[in-house]
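*Asks:* Sharing a structure with you now.
The values are calculated or read from the model by the stated rules, or taken from the named source; none is laboratory data. Just so it is clear, the model here is predicted, and its values are computed rather than measured. Glycine also receives a Cβ, built like all others from the backbone with ideal geometry; neighbour counts cover every protein chain displayed. Just so you know, the surface numbers come from the protein's heavy atoms only, side chains and all, with ligands and any DNA or RNA stripped out. Shrake-Rupley method; radii C 1.70, N 1.55, O 1.52, S 1.80 Å.
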Amino acid sequence: MRAVRIHEDLSLRVDEIVDPTPGPGEVLVRIHAAGVCGTDLHILDGMIKPDVYPMTLGHEAAGLVEEVGDGVTLAIGTPVAIYNKIFCGRCEQCLKGRTNICDNEPEQLGFNRDGGDAELALVPEQNAAPVPDGVDLATASVLTCAGMTAMHATKLSDLRLGDTAVVDGIGGVGIIVVQAAAHAGARVIAIGDTEDKLDLAKQHGASDGVLVDTPESYDTVPERVRALTDGRGTDVFFELVGTTGTMTAGIRSLAKGGRFVSTGYTDQQIEIHPIEFILPETSFVSTVAATRLDLQDALALASMGALTVPIAGRYPIEGIDDAIDALRRRAVLGRQVLEFSA
């Protein structure tokens with residue numbers, strides 16, 4: 001089979017590798033679509049390092065069950081979205097529903113285990129979430145990261161009906177956070193670096209937009225957010241950009257009792273005195289990936305038409321370099337996918 005592989009020199013190649021074979025409890029999925037995520041850039045740049053090179057890239061994938069191992073109940077031909085975090089199902093965290101921070105299984109597809117940018121992917125049956133009617137496989141693939149991450153962040157934010165939510169970063173995840181927050185009954189303010197991204201956010205539920213077309217523009221974000229909220233600030237600030245400036249601006253945009261929600265990976269730091277949280281009783285909420293249930297919920301909302309995924313580009317596997325280049329240029333309105341011929 002063909003697979004997009006990252007090598008130790010951080011080069012990316014489409015390699016021919018041996019087809020995997022499912023063991024007991026495992027399913028082999030014929031991939032039809034795989035999302036291309038900004039987190040892939042962190043792996044390509046060496047910020048996130050796989051345990052072993054080469055590794056198949058990709059943590060967003062959906063397709064049809066092609067072969068099953070002993071003890072599997074999923075039928076061959078079932079359309080599935082692959083939950084990318086391996087989990088044991090038995091530890092304290094899993095029993096509390098926190099499969100994303102399982103105590104026993106450190107593996108994650110496309111991070112430290114072969115991922116979904118390939119013609120075939122091998123996963124435990126519990127990681128194969130059936131795709132409901134009305135959801136195409138390209139959409140399902142994106143929901144396995146961007147969709148479920150947005151669901152998880154929105155749930156942990158404690159967003160309430162009538163709250164104001166700021167979504168900073170209108171990319172693949174941000175555009176779904178906009179929808180999730182609006183679906184929860186919040187007024188949504190989008191922050192983006194182009195007018196096109198702000199227009200996209202408004203098409204998906206944002207009521208207002210704040211343009212930040214230079215890094216220095218973030219110095220004015222707290223003031224601009226307060227101007228849009230009668231001086232009070234925002235109840236929730238979803239931070240998806242991850243620079244020192246964007247994170248600092250988000251914290252300083254909060255209303256009293258507000259929640260700053262940090263989503264995604266960053267190699268930058270913030271320096272904030274604790275008093276900035278203490279006096280207004282604001283909170284810092286961190287999120288990582290999402291739970292298996294979050295993926296299920298994202299798929300369900302998509303099947304009802306409450307979540308849509310704007311697909312900005314579709315590429316064959318050989319087009320992975322073009323998709324990565326578009327990400328680096330910040331030229332993607334929504335999410336890109338690799339599509340595999342059946």
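*Asks:* Sort out which residues of region 115-137 are under 23 Å from Met1 (Cα atoms) and either more than 21 Å from the chain's Cα centre (by Cα) or open to solvent by 10 Å² or more (accessible area, probe 1.4 Å) (or both), and write them in order of number.
*Replies:* Glu119, Leu120, Leu122, Pro124, Glu125, Leu137, listed by residue number.
*Asks:* When region 132-159 is examined, which residues are found to be assigned to a helix (DSSP H, G or I), among the β-branched types (Val, Ile, Thr) and over 14 Å from Val261 (Cα atoms)?
*Replies:* Thr139, Val142, Thr144
*Asks:* Is it the case that Ala81 is touching a helix residue (DSSP H, G or I) at 6+ places or on another chain (Cβ under 8 Å), within 24 Å of Phe260 (Cβ to Cβ), modelled with pLDDT of 95 or more and of a type in the set (A, V, I, L, M)? It would help to see each step written out before you state the result.
*Replies:* Details: touching a helix residue (DSSP H, G or I) at 6+ places or on another chain (Cβ under 8 Å): yes; within 24 Å of Phe260 (Cβ to Cβ): no; modelled with pLDDT of 95 or more: yes; of a type in the set (A, V, I, L, M): yes.
Answer is no for this residue.
*Asks:* Which condition does Pro280 not pass, out of (1) in contact with a Lys or Arg (Cβ under 8 Å, 6 or more places away or on another chain); (2) surrounded by 16 or more Cβ atoms within 10 Å (Cβ to Cβ); (3) not charged (D, E, K, R), if it passes all the others?
*Replies:* (2)
*Asks:* Looking at region 327-342 only, could you name the residues that are modelled with pLDDT under 95 and open to solvent by less than 10 Å² (accessible area, probe 1.4 Å)?
*Replies:* Gly334
*Asks:* Could you grab the pairs with beta carbons closer than 6 Å, sequence gap of 6+ or different chains, first residue in region 6-26 and under 21 Å from Val68 (Cβ atoms), second one open to solvent by 100 Å² or more (accessible area, probe 1.4 Å)?
*Replies:* Here the result reads Pro24/Asp70, each pair linking region 6-26 to a residue that is open to solvent by 100 Å² or more (accessible area, probe 1.4 Å).
*Asks:* Shifting gears a bit: Within region 283-317, take every residue that is part of a helix (DSSP H, G or I) and open to solvent by 60 Å² or more (accessible area, probe 1.4 Å) and give me the one that is farthest from Ile175 (Cα to Cα).
*Replies:* So the residue we want is Leu293.
*Asks:* Condition test on His59, is it modelled with pLDDT under 95 and not hydroxyl-bearing (Ser, Thr, Tyr)?
*Replies:* no
*Asks:* Considering each of Gly209, Gly242, Gly264, Gly231 in turn, give the residue that is more than 23 Å from Leu156 (Cβ to Cβ) and out of contact with any strand residue (DSSP E or B) (no Cβ under 6 Å at 6 or more places or on another chain).
*Replies:* Only one candidate passes the filter, namely Gly231.
*Asks:* Just to be sure before I move on: is His183 of a type outside the set (A, V, I, L, M), in contact with a Leu (Cβ under 8 Å, 6 or more places away or on another chain) and closer than 26 Å to Ala33 by Cβ in the structure I sent?
*Replies:* For His183, the condition - of a type outside the set (A, V, I, L, M), in contact with a Leu (Cβ under 8 Å, 6 or more places away or on another chain) and closer than 26 Å to Ala33 by Cβ - is met.
*Asks:* Here is a further query. Can you tell me which residue within region 160-193, out of those that are touching a residue at least 60 places away in the same chain (Cβ under 8 Å) and assigned to a loop (DSSP other than H, G, I, E, B), is surrounded by the fewest Cβ atoms within 10 Å (Cβ to Cβ)?
*Replies:* Arg160
*Asks:* Still on this structure, please answer the following. List pairs: first in region 125-139 and within 14 Å of Leu109 (Cβ to Cβ), second at pLDDT 95 or above and among the polar types (S, T, N, Q), Cβ under 7 Å, 6+ apart or cross-chain?
*Replies:* Close Cβ pairs (under 7 Å, with a partner that is at pLDDT 95 or above and among the polar types (S, T, N, Q)) amount to Ala129/Gln296.
*Asks:* Test each condition in (1) open to solvent by less than 20 Å² (accessible area, probe 1.4 Å); (2) under 24 Å from Phe284 (Cβ atoms); (3) outside any loop (DSSP other than H, G, I, E, B) for Arg224 and report the one that comes out false.
*Replies:* Of everything listed in (1) open to solvent by less than 20 Å² (accessible area, probe 1.4 Å); (2) under 24 Å from Phe284 (Cβ atoms); (3) outside any loop (DSSP other than H, G, I, E, B), Arg224 misses just condition (1).
*Asks:* Here's another thing I want to ask about it. Would you call Thr220 farther than 26 Å from Gly319 by Cβ, touching a residue at least 40 places away in the same chain (Cβ under 8 Å) and β-branched (Val, Ile, Thr)?
*Replies:* Taking the combined requirement at face value, the residue does not satisfy it.
*Asks:* Being open to solvent by less than 10 Å² (accessible area, probe 1.4 Å) and either in contact with a strand residue (DSSP E or B) (Cβ under 8 Å, 6 or more places away or on another chain) or on the phi < 0 side of the Ramachandran plot (or both) is true for just one of Val14, Val4, Val68. Which residue is that?
*Replies:* Values: Val14 fails: open to solvent by less than 10 Å² (accessible area, probe 1.4 Å); Val68 fails: open to solvent by less than 10 Å² (accessible area, probe 1.4 Å).
The match here is Val4.
*Asks:* May I ask you to list pairs of residues, at least six apart or on different chains, whose Cβ atoms are under 8 Å apart, with the first in region 198-216 being more than 27 Å from Gly305 (Cα to Cα) and the second being open to solvent by less than 70 Å² (accessible area, probe 1.4 Å) and in a loop (DSSP other than H, G, I, E, B)?
*Replies:* Listed by first residue and then by second, the contacts come to Leu211/Asp193; Leu211/Thr194; Val212/Asp193; Asp213/Asp193; Asp213/Thr194; Pro215/Thr243.
*Asks:* What are the pairs, 6+ residues apart or on separate chains, where a residue within region 65-82 that is closer than 11 Å to Arg30 by Cα and in a loop (DSSP other than H, G, I, E, B) has its Cβ under 9 Å from a residue that is of a type outside the set (Phe, Trp, Tyr) and open to solvent by 50 Å² or more (accessible area, probe 1.4 Å)?
*Replies:* Ile76/Leu64; Ile76/Glu66; Ile76/Glu67; Gly77/Leu64; Gly77/Glu66; Thr78/Leu64; Thr78/Pro130
*Asks:* For the subset of region 29-64 comprising residues that are open to solvent by less than 30 Å² (accessible area, probe 1.4 Å), aliphatic (A, V, I, L, M) and part of a strand (DSSP E or B), which member is nearest to Gly242 (Cα to Cα)?
*Replies:* Looking at residues that are open to solvent by less than 30 Å² (accessible area, probe 1.4 Å), aliphatic (A, V, I, L, M) and part of a strand (DSSP E or B), I get Val36.
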